[in-house]
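**Student:** Below is the structure I would like to discuss, written out as C-alpha cells.
The values are calculated or read from the model by the stated rules, or taken from the named source; none is laboratory data. If you're wondering where the values come from, they're calculated on a predicted model, not measured in any experiment. Don't worry about glycine lacking a Cβ; one is built from the backbone with ideal geometry, like all the others, and counts go over all protein chains shown. Surface areas here come from the heavy atoms of the whole protein model, side chains and all, with no ligands, DNA or RNA. Shrake-Rupley method; radii C 1.70, N 1.55, O 1.52, S 1.80 Å.
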Amino acid sequence: CDLNQREIKWDVNKTWMNDNETIIKKVKEYDANAEIIFFWSRARGDYHEESDWDFLILSALTVKEKLKRKVRRDILEEIEWKTFEVIQTIWRNKEEWENDYAVTNIYESIKEEGIIVWNKRRIILIIS
C-alpha cells in the first residue's frame, strides 16, 4: 500500500497496546516481515467508545484459513478477553492485496486513511 507515513498517538489507557505492542508482537510470531495498518474509525479519530480496532495485516506468506483462525484465536485469548476491546484483523497476502483488491472500496479507504503501525523496517507506532 502506498500509504501516507502518518503517525498516531495511542490512548495510554489502552493498556493492551502498551503491553509490548501486543498485536505487533503476535503478528511477528507468524510473519516477521508483515506490515500492519490501522484503519477506519479509530484511525480517523471519529470513533465512539464501543468501536472496534481494525488492522490490515499484509504478508508475503500465502495466507490460509488455518493461519487466520490461529491468529484470530490468539488475539481473542491474549487481548480481547482481557480488555473487552474488539479487535478485527484482515490478513492478506501483500501481492494479492495489491493486485486483486486494488479496485475495491476497502482498498481505497485503507490507502487514503490507513496508518502504518509496523513494518519490518521500523515501528511507526507512537505511544504517549
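**Student:** Take the residues of the stretch 48-65 that are hydrophobic (A, V, I, L, M, F, W, C), over 14 Å from the mean Cα position of the chain (by Cα) and at pLDDT 85 or above: which is farthest from ILE37 (Cα to Cα)? Quick ask: steps written out before the conclusion?
**Tutor:** To start, the set of residues in the stretch 48-65 that are hydrophobic (A, V, I, L, M, F, W, C) comprises 53, 55-58, 60-61, 63.
Of the ones still in play, those that are also over 14 Å from the mean Cα position of the chain (by Cα) are 60-61, 63.
Narrowing further to those that are at pLDDT 85 or above: 60-61.
Details: ALA60: 15, LEU61: 17 Å.
In this case the residue turns out to be LEU61.
**Student:** Examine the stretch 10-25 for a residue that is of a type outside the set (Gly, Ala, Ser), in contact with a Phe, Trp or Tyr (Cβ under 7 Å, 6 or more places away or on another chain) and modelled with pLDDT under 80, and state whether such a residue exists. Working first, answer last.
**Tutor:** Pass one, the stretch 10-25, residues of a type outside the set (Gly, Ala, Ser): 10-25.
Those still in the list that are in contact with a Phe, Trp or Tyr (Cβ under 7 Å, 6 or more places away or on another chain) too: 17, 22-24.
From what's left, modelled with pLDDT under 80: 17, 22.
Yes; the residues of the stretch 10-25 include at least one that is of a type outside the set (Gly, Ala, Ser), in contact with a Phe, Trp or Tyr (Cβ under 7 Å, 6 or more places away or on another chain) and modelled with pLDDT under 80.
**Student:** Taking GLU95 as the residue in question, decide whether it is at pLDDT 85 or above, of a type in the set (Asp, Glu), closer than 17 Å to ASN119 by Cβ and open to solvent by 80 Å² or more (accessible area, probe 1.4 Å). Reasoning before the result, please.
**Tutor:** Details: at pLDDT 85 or above: yes; of a type in the set (Asp, Glu): yes; closer than 17 Å to ASN119 by Cβ: yes; open to solvent by 80 Å² or more (accessible area, probe 1.4 Å): yes.
Against the criterion (at pLDDT 85 or above, of a type in the set (Asp, Glu), closer than 17 Å to ASN119 by Cβ and open to solvent by 80 Å² or more (accessible area, probe 1.4 Å)), GLU95 qualifies.
**Student:** Name the residue that is nearest to the chain's Cα centre (by Cα), counting only residues in the stretch 66-103 that are under 20 Å from ASP52 (Cβ atoms) and assigned to a loop (DSSP other than H, G, I, E, B).
**Tutor:** Result: VAL86.
**Student:** Given the conditions (1) of a type in the set (A, V, I, L, M); (2) outside any strand (DSSP E or B); (3) open to solvent by less than 10 Å² (accessible area, probe 1.4 Å), report the number of the one that ILE106 does not fulfil.
**Tutor:** Result: ILE106 passes all but (3).
**Student:** Starting from residues that are farther than 12 Å from VAL27 by Cα and touching a strand residue (DSSP E or B) at 6+ places or on another chain (Cβ under 9 Å), keep the ones in the stretch 65-81 and report whichever is most open to solvent (accessible area, probe 1.4 Å).
**Tutor:** LEU76
**Student:** Assess whether PHE38 counts as being open to solvent by less than 20 Å² (accessible area, probe 1.4 Å) and either in a helix (DSSP H, G or I) or out of contact with any Ser or Thr (no Cβ under 8 Å at 6 or more places or on another chain) (or both). Steps first, please.
**Tutor:** On the way: open to solvent by less than 20 Å² (accessible area, probe 1.4 Å): yes; either in a helix (DSSP H, G or I) or out of contact with any Ser or Thr (no Cβ under 8 Å at 6 or more places or on another chain) (or both): yes.
The answer is yes for PHE38.
**Student:** Now a separate question. Taking the stretch 44-60 as the region of interest, how many residues are within 19 Å of ILE79 (Cβ to Cβ) and part of a loop (DSSP other than H, G, I, E, B)? Steps first, please.
**Tutor:** Start the filter on the stretch 44-60 by keeping residues that are within 19 Å of ILE79 (Cβ to Cβ), which leaves 47, 49-57.
Applying the additional criterion that residues be part of a loop (DSSP other than H, G, I, E, B) yields 47, 49-52.
Here the count works out to 5.
**Student:** Just need a number here: residues in the stretch 24-35 that are assigned to a loop (DSSP other than H, G, I, E, B) and either touching a His at 6+ places or on another chain (Cβ under 9 Å) or open to solvent by 90 Å² or more (accessible area, probe 1.4 Å) (or both).
**Tutor:** If we filter the stretch 24-35 for residues that are assigned to a loop (DSSP other than H, G, I, E, B), which is where we start, we get 31-34.
Filter once more, so that each one left must be either touching a His at 6+ places or on another chain (Cβ under 9 Å) or open to solvent by 90 Å² or more (accessible area, probe 1.4 Å) (or both): 33.
Number of matching residues: 1.
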